[in-house]
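Inspection log for the structure reproduced underneath, given as structure tokens.
None of the figures in this text is laboratory data; all of them are computed from the coordinates on show. Note that the structure is a prediction, hence the values are computed from the model and not measured. Every residue, glycine as well, gets a Cβ built from its backbone with ideal geometry; the counts of neighbours run over all protein chains shown.
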Amino acid sequence: MRVVGFKNAGLAFVLFLVSPALAVAQDNEMEAIRTAIEELRADYESRITELERRLAVAEQNSTQAVYAAQQAQSVSSQPADSGNSAFNPAIGVVFQGFLTGNDGEAQDEEGFAVGETELIMSANVDDKFAAYLTAALAFEDGESELEVEEAWVETTAMPAGFSARFGRMFSGIGYLNAKHSHTWDFADQALPYQAFLDGRYVDNGVQLRWLAPTDLYVEIGGEIMQGEDDPSGLGASSVFTNVGGDVGPSSSWLAGASYLDLDAATSLSMAHFVWKWAPQGNWKERNFIFQTEYLERRASSTETGWYAQAVYQPFQRWRFGARADALDLDGDDPRRYTVMMDWSNSEFSRLRLQFARSESALDDGNQWGLQYIHSIGAHGAHAF
């Protein structure tokens, strides 16, 4: 019994000694928990304050954006002043030149030649009209010649998808006809355009277009032109249509047909197809373009021509292309095969090296050329 009593007394004595230490440890732990809670509360309140500040800034920016949009809409709805500086014309100049060589008798002359130098001016006339002017300075046989290529006025506010253009213009027929030479993928025009349209069809007249309000791109147009040697001044007319769309995020296509009635004895039918590809629509790095056209001219006889070309940009600034074009004429069926490589330091400058092999009943020959294209000033976006 004494042993048990001593054990109980010892246990009580140990508990007496340890209890203060346990109490201190518990107090320290509770204090640590309280400190952690206070730190979490402070961090939480700090985050809430920062989120509230960001929300206030976002609301202020949104209010300013809405106000700016309202102001812009208010300004755009007011009648435009034709003398306002906001409608000063955008002016640009395009320089072109060639260095060529050949080994065929029927080829162009060798040596250096300055191509067309284009002066481009465009501006909004007011809130319902825009104007465009292109003048080309050409050098030939040691003499310079200034020619007005395009000078037209176009409506900008017609309802129901309609637009009208009147003046001197590149016709909307075909795919290449309305494109200026500095936008071509090759240094020269395709053979059918050279044979049937003397490069392109440009005339004075009126053009009307209609763009359908559909997801699929549908455009229908018609023209009444002056024509050649017609006393009425209405000697030519044309109709054309284009249909196109997107195939996924990387591809797009365009197909079209045209008919040009030059006079009572001469007409021209045309059809074209274009396919464009760029990964996720990013044209800056890589892209591929395939295009082809077929032309048929009916006069005293029927003559046809076609071309097909492909241009690939494997990486930024460099492009490689190949083209085949041919004609089916009375007594001659010329063929030509062309390859090119070009390098663009920027969107305003390009150097192109080109080689072509021509075959015809008159002459077979090879031609090589180096072309430069440089532009300064304003330069509008190119059509599809």
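Results, tabulated for the structure shown:
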| read-out | value |
| --- | --- |
| All-pairs Cα distance distribution in segment 129-280, expressed in whole percent, bin size 10 Å | 10, 33, 37, 17, 3, 0 |
| Per-pair calculated FRET efficiency, R0 = 30 Å: S349 and L137 via Cβ, rounded to 0.05 | 0.95 |
| Vicinal HN-Hα couplings computed from phi for segment 269-277 (Karplus, 6.51 cos²θ - 1.76 cosθ + 1.60; Hz; Gly/Pro x) | 10, 9, 9, 9, 8, 9, 10, 10, 9 |
| Gain on full stretching of the segment that runs from D364 to A32 - 0.36 nm per residue minus C-alpha separation | 109.9 nm |
| In Hz, Karplus ³J(HN,Hα) per residue of segment 179-187 (6.51, -1.76, 1.60; θ = phi - 60°; x = Gly, Pro) | 8, 6, 4, 6, 9, 5, 7, 10, 5 |
